[in-house]
Amino acid sequence: MHANLQVEVAGTPVSLSVEILTPGSGRARASHRLAGTAIGRRLTLTDTEQTSDGDWQERRLHLTDDGLAVTVLLRSTGGVPAVQATTTVTNTGEAPLTLLAVSSLAVAVDIPADRLDLLRGDSEWLGEGRWQRRPLREQGVPDIALPAHGQDGRGRHAAISTGTWSTGQTLPTGALIDRQSGDTWLWQVEHNGPWRWEVGERLGGAYVSLSGPTDIDHQWQQVLRPGESFTSVPVSLAVSGDGLHGAVAALSAHRRALRRTHPERAALPVIFNDYMNTLMGDPTTAALLPLIDAAAAAGAEVFCVDAGWYDEDGRWWDSVGAWEPSRTRFPGGLEVVLDHIRRHGMVPGLWLEPEVIGVRSPLAGKLPPEAFLQRRGVRVVEHDRYHLDLRHPAAIAHLDETVDRLVTEYGVGYFKLDYNIDPGAGTDLDADSPGAGLLAHNRAHLAWLDALLDRHPGLILENCASGAMRMDYAMLSRLNLQSTSDQQDLAHYPPIAAAAPLSILPEQAANWAYPQPGMSDEEIAVALCTGMPGRLYLSGHLDLMSSGHRDLVRSGVTVFREIRHDLARAVPVWPLGLPGWSDPVIALGLVAGGTTYLWVWFRDGRGTARLDLPHLTGDHLAVDTLYPASLPPFDLDLDTAARQLTITHTGAAPLAARLIRIDSQKGTS
């Protein structure tokens with residue numbers, strides 16, 4: 001890596017490089033890295049400029065090589081120790097130039113690799129956000145005595161995501177942490193398609209290289225004709241001397257600055273969705289009306305009718321695309337259901353999977369072939385669906401007509417935008433490569449969302465992709481909230497909910513809470529506690545519950561509504577460390593000013609846990625249980641001097657959870 005560009009992130013000097021691969025100019029030394037490229041080593045800094053864009057401060061670094069002009073854009077806001085970066089490459093030569101890879105941001109971490117831990121996360125359907133922190137030396141970067149050889153290494157640890165499920169296998173967020181000093185570099189790739197991040201060792205320390213699609217990983221090649229430019233996908237980097245928690249606080253503030261302005265950010269309504277463990281894609285007027293009554297009584301403010309509202313014959317999976325309400329499911333019309341929602345003062349919502357057309361859908365034959373992703377002239381089929389190509393005006397017109405019709409004719413104010421297939425490498429129709437076609441489609445998708453929200457600025461949009469398979473800040477800078485999982489098992493959801501704030505903001509983390517009539521009181525409390533540390537996303541057969549169970553649900557919703565605006569400014573802490581998938585005790589804290597909201601789940605019966613809370617300040621701390629107030633609390637022993645809370649679960653329930661508040665403003669405990 002040739003790190004010759006010096007910048008500061010919140011006062012911390014950071015060395016940057018730019019990495020560019022072309023067929024005629026590869027790496028300076030053979031390797032599999034996106035580091036140490038020949039063009040990157042030749043680039044010369046010619047100019048820098050400082051500008052502002054609203055609250056954002058922007059710095060542009062201008063570099064040149066023979067036939068190339070490169071601009072690195074660094075954006076930061078409000079003193080937050082984080083930057084967003086992109087790289088723009090312009091062909092200033094006289095012949096076409098083929099790009100094979102362009103880094104968005106590459107930085108040197110001038111700390112010996114022996115001292116560094118790498119934090120990375122794996123993810124899959126029903127098992128999202130499984131984080132691991134291990135020494136870098138144990139994750140593909142062994143000590144191979146580089147100083148004795150006088151040159152940088154060639155290996156690396158790479159996280160690579162393919163297709164359009166940007167978080168379907170591994171997460172675009174990662175960190176390097178100095179075990180000795182606590183210095184932490186925390187990053188995220190902000191793309192709704194393929195991406196790559198890698199870390200490795202160089203002489204003098206480690207490096208991080210972040211990018212979107214590449215040729216070797218994603219079949220991406222982009223040809224630049226003379227005068228044409230290409231801009232990489234955005235990435236962000238936070239730097240903190242206060243360990244992982246400090247870096248997460250910085251990245252949380254940065255994420256809030258990235259988000260689009262929307263009235264929902266102030267309202268933070270409680271959403272009820274009829275799907276999970278409830279109607280499961282089989283909504284009817286008869287089933288919905290009592291459920292709407294019960295959801296309103298529990299305190300829900302949005303009611304979303306999920307999958308199946310358009311289905312006539314029970315075979316809706318491969319026939320979606322027209323998005324017309326079913327006549328058999330709603331004999332009096334879907335309007336009867338939506339009007340019932342509105343009469344209860346709730347916003348009506350519908351599930352929508354806009355990017356796909358089922359192979360049996362009439363739309364499959366009405367839209368032109370060019371409106372679909374293709375390979376070698378054949379439409380891409382995945383799980384009995386075609387995938388729209390949002391570069392094509394007919395595809396955009398279809399989506400615009402669908403949403404505008406449902407908003408204007410039916411008064412829909414909320415859409416759950418789902419996305420249940422991954423079409424693979426992309427499309428080679430009108431593209432230099434399948435990866436280039438996919439990147440252009442990804443960007444057209446974001447442009448469609450921007451235009452949609454420009455037309456309907458109050459419309460609330462949920463980001464869903466088989467749960468959280470597309471949980472990235474290309475999407476979440478625009479959309480309001482994110483489904484964190486499709487996990488239906490009550491005991492398996494706590495590690496997902498507790499880990500979510502490392503990937504996304506708490507106020508965007510829609511954690512399902514699906515209490516059921518057959519549950520015990522403790523299980524209902526677990527369901528509500530799992531939903532609260534983010535956006536309470538309610539489901540369950542509330543209409544069939546006993547009055548006591550309905551009271552337990554309603555009291556949980558009430559507590560959430562009392563604390564939700566604190567959560568929207570909170571930063572996360574993990575007093576037991578990041579949750580392991582099989583951990584018997586899991587804890588998550590959300591800190592807002594002088595108040596810490598602490599969720600603790602016991603998943604293996606009785607036990608004791610000692611939680612480290614070094615962020616607590618002051619000698620007068622009060623600790624109390626917020627929810628459930630009607631059940632016996634855990635035993636709490638707060639050691640103010642040591643900043644530790646010992647929690648003991650002595651009850652008989654094998655699965656139990658509590659929401660605890662620690663407040664420095666209330667006097668002595």
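The values are calculated or read from the model by the stated rules, or taken from the named source; none is laboratory data. In this text the structure is predicted, and so the values were computed from the model without any measurement. Glycine gets a Cβ as well: all are built from the backbone with ideal geometry, and neighbour counts include every protein chain shown. With ligands, DNA and RNA removed, areas are computed over all heavy atoms of the protein, side chains included. Shrake-Rupley method; radii C 1.70, N 1.55, O 1.52, S 1.80 Å.
With a Förster radius of 45 Å, plug the Cβ-Cβ distance of Val336 and Ala397 into 1/(1 + (r/R0)^6) and report the FRET value to the nearest 0.05.
Computed FRET efficiency for Val336 and Ala397 comes out at 0.90.
Taking loop as defined by DSSP and a crowding limit of 10 other beta carbons within 10 Å, which GluC sites (Glu not before Pro) in the stretch 146-248 fit?
none
Cβ under 11 Å from Ala468's Cβ, Ala468 left aside: what net charge do those residues give with Lys, Arg +1 and Asp, Glu -1?
Details: positive: Arg470; negative: Glu124, Glu128, Asp472, Asp486.
Around Ala468, the surrounding residues sum to -3.
Looking at the stretch 6-142 from every direction and averaging, what is the projected area of its Cα convex hull in nm²? Don't jump to the answer; show the numbers that get you there.
Details: hull surface 46.1 nm².
Averaged projected area of the stretch 6-142's Cα convex hull equals 11.5 nm².
Using the basic label-point model (7 angstrom from Cα toward the beta carbon), what is the Thr231 to Glu58 distance in nanometres?
About 0.8 nm, to one decimal.
Which order do Trp601, Trp316 take when ranked by solvent-accessible area (1.4 Å probe, heavy atoms of all protein chains), largest first?
Trp316, Trp601
I need the shape label for the stretch 244-361. Rule: rounded when a/c is under 1.5, else prolate if a/b > b/c, else oblate, with a, b, c from the alpha carbon gyration tensor.
In terms of gyration-tensor shape, oblate.
Rank Arg661, Arg554, Arg569 by accessible area, highest first, at a 1.4 Å probe radius?
Sorted by accessible area, descending: Arg569, Arg554, Arg661.
Would you please give the FRET efficiency between Leu289 and Arg376, computed as 1/(1 + (r/R0)^6) with r the Cβ-Cβ distance and R0 = 41 Å, to the nearest 0.05? Provide the component values of the computation, followed by the final result.
Working: r = 50 Å, r/R0 = 1.22.
Efficiency, from the Cβ-Cβ distance: 0.25.
Calculate what fraction, in whole %, of the accessible area of the chain sits on carbon and sulfur atoms when a 1.4 Å probe is rolled over the protein chains.
Taking all protein chains in place, the chain shows 49 percent carbon and sulfur surface.
Is the chain rounded, prolate or oblate when judged by the Cα gyration tensor, a ≥ b ≥ c being the square roots of its eigenvalues, rounded requiring a/c under 1.5 and prolate requiring a/b larger than b/c? Don't skip to the answer; put the middle values down first.
Values: a/c = 2.09, a/b = 1.19, b/c = 1.75.
Here the chain falls in the oblate category.
Classify the stretch 430-486 from the C-alpha gyration tensor, please: rounded if a/c falls under 1.5, else prolate or oblate depending on whether a/b exceeds b/c.
Taking the square roots of the gyration eigenvalues as a ≥ b ≥ c, the stretch 430-486 is oblate.
Per residue, how much accessible surface does the stretch 234-347 expose to a 1.4 Å probe? Answer in Å², no decimals.
34 Å²
Just the accessible area per residue of the stretch 519-581, please: how many Å² with a 1.4 Å probe?
32 Å²
Express the accessible area of the stretch 118-198 per residue in Å², computed with a 1.4 Å probe while the remaining protein chains stay in the model.
With the other protein chains kept in place, the stretch 118-198 gives 36 Å² per residue.
What accessible area, in Å² to the nearest ten, does a 1.4 Å probe give for Glu562?
Here the accessible area works out near 140 Å².
Taking Cα pairs under 8 Å and at least six residues apart, what relative contact order does the stretch 371-490 come out at, in percent?
Reported relative contact order: 23 percent.
Grab the beta carbon distance between Arg327 and Arg569, set R0 = 41 Å, and tell me the FRET efficiency rounded to 0.05.
That gives a FRET efficiency of 0.30.
Order Thr71, Thr596 by their accessible area, 1.4 angstrom probe, all chains in place, largest first. Don't skip to the answer; put the middle values down first.
Values: Thr71 35, Thr596 0 Å².
Descending accessible area places them as Thr71, Thr596.
Give me the number: length gained by fully extending Thr617 to Ala629, i.e. 0.36 nm times residue separation minus the C-alpha to C-alpha distance, one decimal in nm.
Extra length from Thr617 to Ala629 when fully extended: 1.7 nm.
I'd like the accessible area for Trp581, computed on protein heavy atoms only with a 1.4 Å probe and all protein chains in place. Round to 10 Å², please.
Probe radius 1.4 Å; accessible area of Trp581 about 80 Å².
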